[in-house]
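The values are calculated or read from the model by the stated rules, or taken from the named source; none is laboratory data. What you see is a predicted model, and the numbers here were worked out from it, not measured in a lab. All Cβ positions, glycine included, derive from the backbone under ideal geometry; neighbour counts span all protein chains shown. In case anyone asks, the SASA skips ligands and DNA or RNA and just uses the protein heavy atoms, side chains included. Shrake-Rupley method; radii C 1.70, N 1.55, O 1.52, S 1.80 Å.
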Amino acid sequence: MQLRFGFIAALSALSFVGCSSLSIGNGSLDYKKTTTVEPLKYPEGSVVRPATPLYPAPIIDPLALENAPKVENQKGNRFSAPRPSSLSTAKAPQVSTETSKIARPQPLSDENLNPLLKVDGNSATIWQYTLSALSSLNYPITGQSKNQYEVTVKADGHSYIVKLMPINSSNMLMVFNVDHSVAEQQAAADLLAQIYQNWPA
């Protein structure tokens, strides 16, 4: 009776623990012992379709096999995925909220009474807001500078260059003709007013 109880207790303990903790081989590494198999041979005179492998086995350099990561347990008889590397506990740098704050544009004019928009904040973010405003106006963009905050748009049948010029912590948004001369004041004021009215923030 006691022997039967002990056998049942040992069997139940083994089932709870599982075979993986005992490192019993389960055939998960049998792929390493594979060999090349000759193609099927058919009797002479039989008509068969040519057998082409759907997934041809790749030819692996032996040096790559030697340097491959080990995917087996300590005894080498079971597949065991490598443990993930520990995450770094270093804190991510805090992004300053001061640079991400964008003020509402202020319509101004320079000493020659040419209209402009003054916007305080990060130049890259202001330029994204400008492009968003132009996109909402459905003005086709015919050219864009890769190095400067400058885009060519077609508005009311005329092409203009809208340019953002960073000056210290402020940015000036101005309108030019395609020959880089200052655009006519009324046309520039109309375009800048539409950008102001469609400013995303």
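Is segment 110-167 rounded, prolate or oblate when judged by the Cα gyration tensor, a ≥ b ≥ c being the square roots of its eigenvalues, rounded requiring a/c under 1.5 and prolate requiring a/b larger than b/c? Oblate, because a/c is 1.5 or more while a/b does not exceed b/c. Rolling a 1.4 Å probe across all protein chains gives Lys70 an accessible area of roughly 140 Å².
With θ taken as phi - 60° and the Karplus curve 6.51 cos²θ - 1.76 cosθ + 1.60 applied, the whole-hertz 3J(HN,Hα) list for segment 57-65 is 5, x, 8, 9, 5, x, 5, 5, 5 Hz, x standing for glycine and proline.
Please give the FRET efficiency for Ile167 paired with Leu137, using the beta carbon to beta carbon distance and R0 = 22 Å, rounded to the nearest 0.05. Step by step, r from the Cβ atoms, then E = 0.30.
The H on the amide N of Ser28, modeled in the peptide plane, is under 5 Å from the matching H of Phe79, each at least 5 residues off or on a different chain. Using all pairs of distinct alpha-carbon atoms, the Kirkwood hydrodynamic radius of the chain works out to 25.3 angstrom.
Using the alpha-carbon atoms, what tilt in degrees (0 to 90, nearest 10) does helix 123-136 show relative to the longest principal axis of the chain? Result, in degrees: 80. Rolling a 1.4 Å probe across all protein chains gives Phe5 an accessible area of roughly 150 Å². Measuring r between the beta carbons of Leu65 and Ser28 and using R0 = 22 Å, the FRET efficiency lands at 0.80.
Label-to-label distance for Leu54 and Gln106 is 7.1 nm, based on points extended 7 Å past Cα in the beta-carbon direction. Ranking of Asp120, Asp156, Asp61 by solvent-accessible surface, largest first: Asp156, Asp61, Asp120 (1.4 Å probe, protein heavy atoms only, all chains present).
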